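Please read the structure below before turning to the comments.
The values are calculated or read from the model by the stated rules, or taken from the named source; none is laboratory data. Here the structure is a predicted model, which is why all the values come from computation and not from measurement. Every residue, glycine among them, receives a Cβ derived from its backbone with ideal geometry; neighbour counts consider all protein chains shown. Please note that ligands, DNA and RNA were not included when accessible areas were found on the heavy atoms of the full protein model with its side chains. Shrake-Rupley method; radii C 1.70, N 1.55, O 1.52, S 1.80 Å.
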Amino acid sequence: MERKMDLPPLIWEGDEPHQLSHSDFPKSSRYHPEWVFRCQMGPNVLWLSELLADAMDLRPGMRVLDMGCGRALSSIFLAKEFGVEVYANDLWIDPSDNYRRIKAAGMEDQVIPIKAEAHSLPYAEEFFDAAFSVDAYHYFGTDQIYLGYFARFLKIGAQLGIVVPGLHQRWSETVPSYFTQEQSHGGVFWAWDMASFQTAAWWRELWSQYPFFRLQRCEALPQGGELWLEWERRFASYPGDKLFPADVEALEADQNRFLTFVLAIGQRTDYAF
């Protein structure tokens, strides 16, 4: 359970650029950097949410499932910027804590916090107009049969969009040593669950084989590793408490060779389960 929240303002009120201002992400740049830093759980949450949401067909009033929403940054962002109703689904974060963040942001009429495991979702079939996931889908969606379960919650024609940490290419044998050696903060970058990091070709093959799903777009961000490093450097400069340390050294060593983000969007067909 998280302790009492004393969050900074949601929106940056100043005219001058701030620590997270980015010309490629004008919507995200409106949000207060301390609010983002204090609530973050994955790299570039708002940057990646903006990138993905702009690539999807989101319209006001849609009912959207935000899978693996963490501390609900992406859910608040979607509701505020796109006028959608968001079900903020996460397993690790208490929904009461997320609701406090949602209320503090003034979005309690549009964002509903839910705690549910990805394989046991409490929703009706064909309930959502769209599904959205940033920095999370790779933790549960690499199973060959998972999409067949998940797609049932989408209306016919609804989109599923994800951005996940991934790879430009696979290494020839073992994980590069700079991912597994100790960094100055005392930890290592590479953990066992990062075996879920896959290439765009891998995701394309997985999502292209189902009769109930039509792949619309799947690509590795060409400069994804550089964008990731840019986030880590800015996050490292934040003096407050961090749930996870900044992994600047590992990203600097990689130089966009392997690490990136994979963006994929597909649409449920009229296939009858």
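So what is the 222 nm mean residue ellipticity for the chain from helices alone, if each DSSP H run of at least 4 adds -39500 (n - 2.57) and you divide by all residues, rounding to the nearest 500 deg cm²/dmol?
Numbers: 9 runs with 75 residues, N = 273.
My calculation for the chain gives -7500 deg cm²/dmol from helical runs alone.
Among 57, 241, 94, whose mean-square fluctuation peaks in a Gaussian network model of the chain (Cα, cutoff 10 Å)? Greatest mean-square fluctuation among the candidates belongs to 241.
When the chain is modelled as a GNM with alpha-carbon springs shorter than 10 Å, which of 133, 96, 23 fluctuates the most? Highest fluctuation of the listed residues: 23. Carbon-plus-sulfur accessible fraction, the chain (probe radius 1.4 Å, protein heavy atoms only): 48%. When the chain is treated as a GNM with alpha-carbon contacts under 10 Å, the residue of 261, 77, 189 showing the greatest mean-square fluctuation is 189. About the centre of its Cα atoms, the stretch 73-199 shows a dipole size close to 120 debye [charges on the beta carbon of Lys, Arg (+1) and Asp, Glu (-1) only; nearest 20 debye]. When the residues 66, 6 are ordered by accessible surface, computed with a 1.4 Å probe over the protein chains alone, the sequence from largest down reads 6, 66. A dipole drawn for the chain from +1 and -1 charges on Cβ atoms has a positive end, and of 99, 28, 191 the residue lying farthest that way is 99.
Listed by chain and number, the lysines placed with their C-alpha closer than 29 angstrom to that of residue 242 are 4, 27, 80, 103, 115; residues fewer than eight positions away on the same chain are left out.
Order 233, 63 by their accessible area, 1.4 angstrom probe, all chains in place, largest first. Write out the running numbers ahead of the final one.
Numbers: 233 125, 63 70 Å².
From most accessible down to least: 233, 63.
Of the listed residues 65, 243, the order by accessible area with a 1.4 Å probe, largest first, is 243, 65.
Please give the net charge around residue 217, taking every other residue with its beta carbon less than 14 angstrom from that of residue 217, where Lys and Arg add +1 and Asp and Glu add -1.
Details: positive: 204, 214; negative: 54, 57, 219.
After counting each charged neighbour, the total is -1.
Rg/Rh for the chain (Cα atoms only, Rh after Kirkwood) is 0.95. Measure out, as a whole number of angstrom, how far apart the alpha-carbon centroids of the stretch 207-228 and the stretch 111-160 sit. If you average the Cα positions of each part, the centres end up 17 Å apart.
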